[in-house]
1. Name every residue in the range 123-155 that is surrounded by fewer than 16 Cβ atoms within 10 Å (Cβ to Cβ) and free of Cβ contacts under 8 Å to residues at least 24 places away in the same chain, in order of residue number.
2. Specify the residue that is modelled with the highest pLDDT; the eligible residues are those in the range 35-46 that are charged (D, E, K, R) and in contact with a strand residue (DSSP E or B) (Cβ under 6 Å, 6 or more places away or on another chain).
3. Six or more apart or on different chains, Cβ under 9 Å: which pairs go from a residue in the range 47-74 that's modelled with pLDDT of 80 or more to one that's not in a helix (DSSP H, G or I) and not charged (D, E, K, R)? Could you list them?
4. If you go through the range 251-291 one residue at a time, how many are at pLDDT below 85 and either acidic (Asp, Glu) or loosely packed, with under 11 Cβ neighbours inside 10 Å (or both)?
5. Suppose we filter Val152, Val122, Val126 for residues that are over 21 Å from Ser62 (Cα atoms) and part of a loop (DSSP other than H, G, I, E, B); which single one remains?
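The values are calculated or read from the model by the stated rules, or taken from the named source; none is laboratory data. All of these numbers come straight from a predicted model, not from anything done at the bench. Quick reminder, even Gly has a Cβ in these numbers, built from the backbone with ideal geometry, and neighbours come from all protein chains shown.
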Amino acid sequence: MQGATAERPAPAPAPPVPDGVSGARGDAVERPGGTRGARIRWRPREVVWGTLLVAGLLCLVSFYATGGRTLETMTATEMGLTLGGGVLFAASLLLLPSERRRHGSWTLALLLALTALTALSVAWSVQPEDSWRDAARMLAYCGVLAGLIALVRLAPERWPAVLGGIALAAVAVCAYGLASKVFPSLQGPNPPARLQEPSRAIRARVEDALPGVLPADLVILNPPRAGVDERVTTTLEKEAGHVRSVIYVSCNPATLARDVARMPSYEIRSVRAFDMFPQTAHVETVCELQPRVRIGE
């Protein structure tokens, strides 16, 4: 009919905006249906303090554990991380609705599967004790991952602080590791894996450096299958009166016999063979040589 007017339907109300979401600033998120809507509002101060808190806790754990072969603190740290992460993960399962319990579950399940495989490798490992230690460390990794997943589940709007804290802690620990290489004093009075005074390390070919470090009480030779350079045996032969003992570790009896024959001023005090490669022709031999005549004796 002419003159009739049709009323347009009222627009559907916008879906409710969840807590912590605003259209003022932040990263855009997609709403169901493909429309761009609310923006997550990050509170910079809370993110910064949360990042520093997570990074501080991770750095504290790292520096307390010390790593390496300090098994006492390492074991205590691994146990604490495993139990703490498990408690947080269990709390997230009990307190959260079912749809939020699935986040991160597949990632954690895959890491647990790798941990189980590491533990099973003890059965065929060449060094079972190392494999068992790695399995315990992998279990601690699972505890840490489970704890972090639980934190993100319990406080999803705080995930930037968790992620930022992990990155900041990794940078801090790596920076300390590099600085301790440049400044060994950072590792304390007795840094591990470093020679103490008056010992020193020399980076050079044995045949070039040996004449400058003799006389010596003990010379240890551990050459490859080709044996030592002829200049090494020549130097030891000339300085036989100024060397108390020579320990020759050989993986080739033929080159061992050749090199010993080049040093007639020495006598064999003991020889011991180690069958480190069963059912093969290879044998490891430790030979102790001493000079027949020593100057000053």
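1. Ala123, Trp124, Ser125, Val126, Gln127, Pro128, Glu129, Asp130, Trp132, Ala155
2. Among residues in the range 35-46 that are charged (D, E, K, R) and in contact with a strand residue (DSSP E or B) (Cβ under 6 Å, 6 or more places away or on another chain), the one modelled with the highest pLDDT is Arg41.
3. Gly50/Ala155
4. The qualifying residues number 5.
5. On inspection, the qualifying residue turns out to be Val126.
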